[in-house]
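A.B. asks: This is the structure I have questions about; it appears just below.
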Amino acid sequence: MTFATNMRFKFSILALGLQILIIILFGIFVKYDTQHFKIPQNSTGTTDTFIALYPFFQDVHVMIFVGFGFLMTFLKRYGFSSVGINLLIAALGLQWGTLMQGFWHLHGGKIEIDITKMINADFSTATVLISFGAVLGKTSPVQMLIMAILEISIFACNEHLIYFLGASDVGASMSIHAFGAYFGLAASAVLYRSSLKKSHDNEGSVYHSDLFAMIGTLFLWMFWPSFNSAIADIGIHQEMAIINTYFSLAACVLTAYAFSSLVEHKGKLDMVHIQNATLAGGVAVGTCADMNIGPFGAMIIGFTAGIISTLGFKFLTPLVASKLKIQDTCGVHNLHGLPGILGGIAGIVAASMGAKANCSPGMQGAALAATIVIAIAGGTITGFILKLPFWGQPPYENYYDDSIYWEVPLEEEEHENNYQEDHNKIKMEA
């Protein structure tokens, strides 16, 4: 059954209105930071900070637009939305994030744009994309635009609070990953429908959709050292962030593979674990990535993250869905939430061991606790706003289906219809 979403005017007016508003705000508040493009290097010259950090920015950019986008293409009939809405959210988010973060750091009433602010704007977008994973397939493009505006506004406040507390979170285990996960889970809990108790025909993958999702995994895995080191102090701290992330990710992969085989039937590997749990080491080492924890310390964090994430996908996801009524489409709790908390705890332990100067374990703990509370509260409020009946949310029958919001090629529709008919015949015969 086709559901009329009336998206033509709702979506178009909202998208155009937001873009016009942002252009006006940029005209009023944003300018180039021409005074700080260069930093002293030595007595013979200067280093152009913008150009020096641009490769890091591009790596993060690839993660946002390619890595996150393709990671969510595992649903067999939701590939257009996974990649397409990811692009939509990211394009809006990086503009809105520039404003929301910039308002906390005005210079003469202006937001001065440099490469670091561009990287941070991408970071704010990552938060929404993580939350998107929790509600994937159950929301409309209009709802996601609203969610992006609200979440980035709250994220910027929480990020400033972490800065005010003096906590260190260079790779954003707390401020991005834990925040995005619990914000999205809280919103998903509010949007929960009783019909989700039963499995949906479209809520699964096929061979080629899992293969596309693995492309996203590989891009994220390769570029994660840049994500965790992009805003670290140039020099030894940035180098440590790269090295620590590199080894944490490697250790995480072996652990994830081992536990996937251990918990699955007949020792087979589960592609869901491989697509997601192999990335948990990058999430978990983020908070203390630029701290002197040693490569072995980074590997311990990655090792632990791989275990926690894999077991979470196997045992915790169905438990959360059945007991807490939280339907987490992409398992963001296991990839971002739990590893994000692990990262926050690792930061507390590292600070107590003096792994970074002027880093207090008390303030690290306060930042982690505040982030979780603010994320859950913000996600809950946002969920109730998204639940209003005029945002074009699809009915349960049209969950995880591109055709409700996209023009889908005819041959794909025919293929899926034939597949569904064959599937129904097999069920009837059984």
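A.B. asks: Just checking, which of Cys359, Cys288 is open to solvent by less than 40 Å² (accessible area, probe 1.4 Å), closer than 14 Å to Ala167 by Cβ and under 20 Å from the mean Cα position of the chain (by Cα)?
C.D. replies: Numbers: Cys359 fails: under 20 Å from the mean Cα position of the chain (by Cα).
From the options Cys359, Cys288, the qualifying one is Cys288.
A.B. asks: Moving on to the next point. Of these, Asp233, Asp201, which one is more than 21 Å from the chain's Cα centre (by Cα) and more than 30 Å from Lys356 (Cα to Cα)? First the steps, then the outcome.
C.D. replies: Values: Asp233 fails: more than 30 Å from Lys356 (Cα to Cα).
Within the list Asp233, Asp201, the selection yields Asp201.
A.B. asks: Quick one: count up the residues across region 105-158 that are of a type in the set (A, V, I, L, M) and open to solvent by 10 Å² or more (accessible area, probe 1.4 Å). If you could, list the steps in order and put the result at the bottom.
C.D. replies: Within region 105-158, the first condition is being of a type in the set (A, V, I, L, M), and the residues that meet it are 106, 111, 113, 115, 118-119, 121, 126, 128-130, 134-136, 142, 144-150, 152, 154, 156.
Filter once more, so that each one left must be open to solvent by 10 Å² or more (accessible area, probe 1.4 Å): 106, 113, 118, 146, 149-150, 154.
Of the residues in region 105-158, 7 are of a type in the set (A, V, I, L, M) and open to solvent by 10 Å² or more (accessible area, probe 1.4 Å).
A.B. asks: Can you pull out every residue in region 350-380 that is assigned to a helix (DSSP H, G or I) and closer than 17 Å to Ala241 by Cβ? Lay out the reasoning, then the answer.
C.D. replies: Taking region 350-380 as the starting set, the residues that turn out to be assigned to a helix (DSSP H, G or I) are 350-352, 361-380.
Matches in region 350-380: Ala350, Ala351, Gln364.
A.B. asks: Separate question: Considering only region 170-182, I want to know if a residue exists there that is in contact with an Asp or Glu (Cβ under 8 Å, 6 or more places away or on another chain), among the hydroxyl-bearing types (Ser, Thr, Tyr) and at pLDDT 95 or above.
C.D. replies: yes
A.B. asks: Among the residues of region 254-285, which ones are β-branched (Val, Ile, Thr) and either touching a strand residue (DSSP E or B) at 6+ places or on another chain (Cβ under 8 Å) or open to solvent by 40 Å² or more (accessible area, probe 1.4 Å) (or both)?
C.D. replies: Start the filter on region 254-285 by keeping residues that are β-branched (Val, Ile, Thr), which leaves 255, 263, 272, 274, 278, 283, 285.
Of everything in region 254-285, just one residue is β-branched (Val, Ile, Thr) and either touching a strand residue (DSSP E or B) at 6+ places or on another chain (Cβ under 8 Å) or open to solvent by 40 Å² or more (accessible area, probe 1.4 Å) (or both), namely Val272.
A.B. asks: Mind checking which pairs have a first residue in region 103-117 that is under 21 Å from Phe155 (Cβ atoms) and a second that is open to solvent by less than 70 Å² (accessible area, probe 1.4 Å) and modelled with pLDDT under 95, Cβ under 6 Å, 6 or more apart or different chains?
C.D. replies: Listed by first residue and then by second, the contacts come to Glu112/Asp33; Ile113/Asp33; Asp114/Asp33; Ile115/Phe50; Ile115/Leu53.
A.B. asks: Residues to consider are Leu196, Leu161; find the one that is assigned to a helix (DSSP H, G or I), open to solvent by 20 Å² or more (accessible area, probe 1.4 Å), at pLDDT 95 or above and aliphatic (A, V, I, L, M).
C.D. replies: On the way: Leu196 fails: at pLDDT 95 or above.
So the residue among Leu196, Leu161 that is assigned to a helix (DSSP H, G or I), open to solvent by 20 Å² or more (accessible area, probe 1.4 Å), at pLDDT 95 or above and aliphatic (A, V, I, L, M) is Leu161.
A.B. asks: More than 28 Å from Ala351 (Cβ to Cβ), in contact with a Ser or Thr (Cβ under 9 Å, 6 or more places away or on another chain), in contact (Cβ under 8 Å) with a residue 60 or more places away in the chain and among the small types (Gly, Ala, Ser): is that true of Ala172 in this structure? Even if it seems obvious, please write down each step before you answer.
C.D. replies: Numbers: more than 28 Å from Ala351 (Cβ to Cβ): no; in contact with a Ser or Thr (Cβ under 9 Å, 6 or more places away or on another chain): yes; in contact (Cβ under 8 Å) with a residue 60 or more places away in the chain: yes; among the small types (Gly, Ala, Ser): yes.
For Ala172, the condition - more than 28 Å from Ala351 (Cβ to Cβ), in contact with a Ser or Thr (Cβ under 9 Å, 6 or more places away or on another chain), in contact (Cβ under 8 Å) with a residue 60 or more places away in the chain and among the small types (Gly, Ala, Ser) - is not met.
A.B. asks: Can you pull out every residue in region 292-330 that is outside any helix (DSSP H, G or I) and open to solvent by less than 60 Å² (accessible area, probe 1.4 Å)? Before the answer, list the steps.
C.D. replies: Just the residues of region 292-330 that are outside any helix (DSSP H, G or I), to begin with: 292-293, 324-330.
Across region 292-330, the qualifying residues are Ile293, Ile326, Gln327, Asp328, Thr329, Cys330.
A.B. asks: Sticking with this one: Which condition number does Gly392 fail, the rest of (1) under 22 Å from Gly84 (Cα atoms); (2) among the small types (Gly, Ala, Ser); (3) at pLDDT below 65 being met?
C.D. replies: Gly392 satisfies all of (1) under 22 Å from Gly84 (Cα atoms); (2) among the small types (Gly, Ala, Ser); (3) at pLDDT below 65 except (3).
A.B. asks: Sticking with this one: Just the residues that are touching a Gly at 6+ places or on another chain (Cβ under 7 Å) and surrounded by fewer than 21 Cβ atoms within 10 Å (Cβ to Cβ), please, taken from region 77-94. Don't jump to the end; show me each part of the working.
C.D. replies: Within region 77-94, the subset touching a Gly at 6+ places or on another chain (Cβ under 7 Å) is 78, 82-83, 86-87.
Matches in region 77-94: Val83, Leu87.
A.B. asks: Given the residues Ala172, Ala121, which is the only one that is within 12 Å of the chain's Cα centre (by Cα) and of a type in the set (A, V, I, L, M)?
C.D. replies: Values: Ala121 fails: within 12 Å of the chain's Cα centre (by Cα).
Ala172 is the lone residue from the list that is within 12 Å of the chain's Cα centre (by Cα) and of a type in the set (A, V, I, L, M).
A.B. asks: So the check is Cβ under 6 Å with 6+ separation or different chains; which pairs have a first residue in region 207-220 that's touching a residue at least 60 places away in the same chain (Cβ under 8 Å) and a second one that's basic (Lys, Arg)?
C.D. replies: Hits for this filter: Ser209/Lys76.
A.B. asks: Another one. When you scan region 208-216, do you find a residue that is surrounded by 22 or more Cβ atoms within 10 Å (Cβ to Cβ) and among the hydrophobic types (A, V, I, L, M, F, W, C), even just one? First the steps, then the outcome.
C.D. replies: Applying the first criterion (surrounded by 22 or more Cβ atoms within 10 Å (Cβ to Cβ)) to region 208-216 yields 213, 216.
Of the ones still in play, those that are also among the hydrophobic types (A, V, I, L, M, F, W, C) are 213.
Yes, some residue in region 208-216 is surrounded by 22 or more Cβ atoms within 10 Å (Cβ to Cβ) and among the hydrophobic types (A, V, I, L, M, F, W, C).
A.B. asks: Assess whether Ser352 counts as being surrounded by 15 or more Cβ atoms within 10 Å (Cβ to Cβ) and more than 25 Å from the chain's Cα centre (by Cα).
C.D. replies: Details: surrounded by 15 or more Cβ atoms within 10 Å (Cβ to Cβ): no; more than 25 Å from the chain's Cα centre (by Cα): yes.
It is false that Ser352 is surrounded by 15 or more Cβ atoms within 10 Å (Cβ to Cβ) and more than 25 Å from the chain's Cα centre (by Cα).
The values are calculated or read from the model by the stated rules, or taken from the named source; none is laboratory data. Not measured: the values here are computed from a predicted model. Don't worry about glycine lacking a Cβ; one is built from the backbone with ideal geometry, like all the others, and counts go over all protein chains shown. Each accessible area value is taken on the protein alone, full model and side chains, heavy atoms only, with ligands, DNA and RNA left out. Shrake-Rupley method; radii C 1.70, N 1.55, O 1.52, S 1.80 Å.
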